[in-house]
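Heads up: the structure comes next, in structure tokens.
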Protein chains: 2
Amino acid sequence: VRVVGIDPGTARTGFAVIEETPVGFETVELGVIKTSASTDATVRLLELHDAVTGLLERSRPDAVALERVYFQVNARSAIQVGQASGVILLAAARRGVPCFGYSPNEVKMAICGYGGADKEQVMRMTKKLLRGSRGRIEPDAADAAAVAVAHLNSYKVKKALGGTS
Amino acid sequence: VRVVGIDPGTARTGFAVIEETPVGFETVELGVIKTSASTDATVRLLELHDAVTGLLERSRPDAVALERVYFQVNARSAIQVGQASGVILLAAARRGVPCFGYSPNEVKMAICGYGGADKEQVMRMTKKLLRGSRGRIEPDAADAAAVAVAHLNSYKVKKALGGTS
């Protein structure tokens, strides 16, 4: 099973392509899509959409897992993250890749076993779970990796319980 | 000058194609894009994006005017409206059509002359400003028409003041 985890944003969108192998989670690709700050907001959405389309084309994932952002502090940033996730979901829908949303708490639960874990603990545990990822990872890419691993872990649990998704 | 006004939403997106002619504002097309409630949220975004792309192709507007949604009551609905506006902005960016956002207050100001106008007053005034629109208009389409007229009015004011946009 291969999953693309995404931490959406108009300026910076973290992504992580994680493959579940018999020996553990392999990091296929990790990175951050940055859109040009000088350009129009709509052009940034276009850049983001096209970059995600390219990512899905080369990585051919079974699923996309997104950080859910319902509990964003203010409505203005919620709108911006909503616009970014909108064009990401569109790119996935265009290719027929199913999308799954995870709240920050669900990610913490799936990775550390409890929803109260802090950012540092989540990042340390994510790195431990990923084979072959050495050195410093950009925070947005690490968040994306955490969401991908959260999806793979909860998917495994569901499979173990006899669920189909 | 021809403007497409849009009131974004994932389930219902109102639109209005308004042309400014020497004798007033002409309604070219008015309607509501409805996405299928039974389908996945990502498929709805795809349906919305493709419908807006079709609308822009047949109406060939000089600009798109959108209702701005920063002051949405809760973050969850802000995210959904953000996702809808994201795929709409993407469709416009793809065709190179400039987009302009107007807050509900700016729409009221541009149409009724004061920000405290209620929904009824805005709708009555919008209908009065539009030539050739008779009978009942769906509320989402009327909101879209109001945004389009607001853009044309503020554009006229800017032109009168010597501005270029």
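Throughout, read-outs are computed from the coordinates displayed, never taken from laboratory work. Since this is a predicted model, take the numbers as computed values, not measurements. Every residue, glycine among them, receives a Cβ derived from its backbone with ideal geometry; neighbour counts consider all protein chains shown.
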Label point 7 Å beyond Cα along the C-beta direction, distances from A:Thr39 to other copies (nm, shortest first): 2.8
Cα convex hull of chain B - mean projected area over all directions, nm²: 9.8
Value of [θ]222 nm, deg cm²/dmol, for chain B, DSSP H segments ≥ 4, -39500 (n - 2.57) each, nearest 500: -16500 deg cm²/dmol
Under the Debye formula (equal points on every Cα, no solvent term), log10 I(q)/I(0) of the range A:70-127 at q = 0.16, 0.28 Å⁻¹: -0.69, -0.98
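Rounded to the nearest 20 debye, what is the charge dipole size of the range A:62-122 about its Cα centre when +1 sits on each Lys and Arg Cβ and -1 on each Asp and Glu Cβ?
So the dipole magnitude of the range A:62-122 works out to roughly 240 debye.
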Value in Å of the Kirkwood radius, where the range A:57-153 supplies the Cα pairs that are averaged: 14.4
Reference-scaled alpha-carbon Rg (2.2 N^0.38 Å with N residues) for the range B:1-62: 1.24
Lysine pairs meeting the criterion (Cα under 20 Å, 8 or more apart or interchain), as found in the range A:1-144: 5
Peptide A:30-42 - average C-beta neighbours from other chains (10 Å radius): 2
The range A:46-96 versus the range B:1-62: alpha-carbon centroid distance in Å: 22
Label 7 Å beyond Cα on the Cβ vector: A:Ala11 copy-to-copy distances, nm: 3.5
Per-copy distances of the A:Glu120 label point, shortest first, in nm (7 angstrom along Cα→Cβ): 6.0
C-alpha long axis of helix B:75-95 to longest principal axis of chain B, angle in °: 70
Other protein chain Cβ atoms within 10 Å, averaged over every residue that makes up A:105-114: 0
Dmax and Rg, reported as Rg then Dmax, of the protein assembly as shown (C-alpha, Å): 22.1, 73
The protein assembly as shown - charge dipole about Cα centre, Lys and Arg +1 at Cβ, Asp and Glu -1, debye rounded to 20: 120
